[in-house]
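Q: First, the structure itself, so that you have it in front of you.
Please treat every number below as a calculation from the coordinates, not as lab data. In this text the structure is predicted, and so the values were computed from the model without any measurement. Virtual Cβ from ideal backbone geometry, glycine too; neighbours counted across all protein chains shown.
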Amino acid sequence: MTLRKIIVAFLLLGSVFGLAYGAGDLTTKFSNRGSISNTRHNLTQRQVAGGPSGAMMDNYRNDYQEICVYCHTPHGANTTTNLPLWNRTMKVTTYTTYNQLGTQTLQGEVSQPGNNSLACLSCHDGQTAVDSIINMPGSGRYLKSQETTQNDSFLNTWVNPRGQNASVHLRLTQGECLACHSTGAGFLGAGATDFTVAAIGTDLRNDHPVGVTFPSKNGPGTDFNAPSGSQGAARFFDTNNSGSMDSGDIRLYVTNGKVQVECASCHDPHGVPSAGRDSDFNPTFLRVSNAGSKLCMTCHAK
């Protein structure tokens with residue numbers, strides 16, 4: 001029996017006996033300030049001080065001992081996706097998009113997610129293991145076919161220097177990561193944080209639309225505010241009047257000549273301080289706190 005099947009078996013056992021345990025809305029053990037190393041996007045699960053026990057996760061993902069390498073590599077980057085030095089496996093996926101609800105009104109054309117959404121979805125759609133990268137640290141640890149296909153045999157060549165070697169490489173999906181990190185996880189989820197909200201899947205109809213064209217009719221007299229800045233092909237809302245696109249600025253990306261809303265329009269995976277450089281990061285990696293609907297009202301004029 002594989003470890004993945006054992007996890008599912010224990011999960012079912014807990015359900016049968018009605019054990020009152022499971023993941024919950026627990027405060028993160030990361031400090032969420034200073035740098036990405038102190039956030040959940042540090043997939044080594046080992047921050048500078050304190051934090052979760054990374055050794056508990058070593059069976060389920062490779063500990064590369066480097067934080068950036070789970071997404072970026074200085075050499076041998078993914079050639080299928082136009083993202084900065086991208087190191088992740090990017091499976092070819094057709095997503096169910098917001099306009100397919102059929103009963104919703106929507107201003108703006110909707111397409112498949114652009115690169116600045118696909119980067120996030122490469123983990124959050126549950127199709128690929130969180131440690132599925134192309135170029136591992138060190139010499140001779142590169143596999144080009146990893147660009148679009150997860151190869152567990154390749155991933156198994158990594159030796160975890162700080163714990164047990166990963167015997168499975170889990171995805172953010174119900175039978176894998178969420179086998180512990182969900183409210184229905186039984187005793188396996190005791191003390192774990194519920195990650196259900198982060199498991200988006202391939203059906204994007206339950207979230208803010210991405211790959212949607214921002215209305216060209218914007219500004220006074222419309223339902224949308226006008227972006228006040230531009231940097232390269234991107235447009236942004238320069239709320240601090242700095243003249244540059246800062247990490248805390250909501251932005252729009254241009255894909256195939258169209259100005260679009262993507263995941264990274266509102267979320268910065270590296271974290272953005274809520275107020276001042278040494279402040280806690282905004283929850284859920286938001287670029288702008290949504291207290292009082294401030295984030296929503298950056299784009300929407302209501």
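Q: Where does each of 261, 288 land when they are ranked from fewest to most other beta-carbon atoms within 10 angstrom?
A: Listed from fewest to most nearby Cβ atoms, that is 288, 261.
Q: Next question, about the same structure. In the Gaussian network model of the chain, springs joining C-alpha atoms below 10 Å, which of 92, 130, 197 carries the largest mean-square fluctuation?
A: Result for the chain, Cα springs under 10 Å: 197 fluctuates most.
Q: Moving on to the next point. Taking the chain as a whole, which cysteines find no other cysteine Cβ under 4.7 angstrom from their Cβ?
A: Isolated Cys, the chain: 68, 71, 123, 177, 180, 266, 296, 299.
Q: Okay, moving on. What does the charge dipole of the chain about its Cα centre add up to, to the nearest 20 debye, if the Cβ of each Lys and Arg holds +1 and the Cβ of each Asp and Glu holds -1?
A: Using Cβ point charges on Lys, Arg, Asp and Glu, the chain gives about 160 debye.
Q: Determine, for each peptide in 233-239, 216-222, the mean count of other beta carbons within 10 angstrom over its residues, then list the peptides with the highest first.
A: Highest to lowest by the protection proxy: 233-239, 216-222.
Q: Please give the peptides 225-231, 241-247, 265-271 ranked by average Cβ packing (other Cβ atoms within 10 Å per residue), highest first, as a rough proxy for protection.
A: In descending order of packing, they fall as 265-271, 225-231, 241-247.
Q: To continue, here is another question. Calculate how steeply helix 3-16 sits against the longest principal axis of the alpha-carbon atoms of the chain, using the helix alpha-carbon long axis, and give the answer as 0 to 90 degrees to the nearest 10.
A: The angle comes out at about 90 degrees.
Q: Let me ask something additional. Multiplying the sequence separation of residue 145 and residue 101 by 0.36 nm and subtracting their Cα-Cα distance, what value in nm do you get?
A: Separation in residues times 0.36 nm, less the Cα-Cα distance, equals 12.3 nm.
Q: For the chain, what is the per residue volume of the convex hull drawn over the alpha-carbon atoms, in cubic angstrom?
A: Expressed per residue, the convex hull around the Cα atoms of the chain is 158 Å³.
Q: Springs between alpha-carbon pairs under 10 angstrom, Gaussian network model over the chain: which of 118, 101, 286 fluctuates most?
A: Ranking 118, 101, 286 by mean-square fluctuation puts 101 first.
Q: Considering the range 214-299, what Rg and Dmax in Å follow from its alpha-carbon atoms?
A: Considering the range 214-299 through its Cα atoms, Rg and Dmax are 12.8, 39 Å.
Q: Follow-up question, since we're still on this one. Using the crude model of +1 on Lys and Arg Cβ and -1 on Asp and Glu Cβ, and no other charge, please compute the dipole size for the range 157-302 relative to its Cα centre, in debye to 20.
A: In debye, rounded to 20, the range 157-302 gives about 240.
Q: Counting only helical runs of four or more DSSP H residues, what would the 222 nm mean residue ellipticity of the chain come to if each run contributes -39,500 (n - 2.57) and the total is spread over all its residues?
A: -3000 deg cm²/dmol
Q: At a 10 Å Cβ-Cβ cut-off, how would you order 182, 117, 53, fewest neighbours first?
A: The fewest-first ordering by Cβ neighbours comes to 53, 182, 117.
Q: Which one, 89, 27, 202, has the greatest fluctuation when you compute a Gaussian network model over the chain with C-alpha springs under 10 angstrom?
A: The residue that fluctuates most here is 27.
Q: How big is the range 251-302 along each principal axis, measuring the range of its Cα positions in Å and listing the largest first?
A: Projected onto its principal axes, the Cα set of the range 251-302 covers 38, 28, 16 Å.
Q: So how do 209-215, 138-144 stack up, highest first, on mean other-Cβ count within 10 Å?
A: 209-215, 138-144
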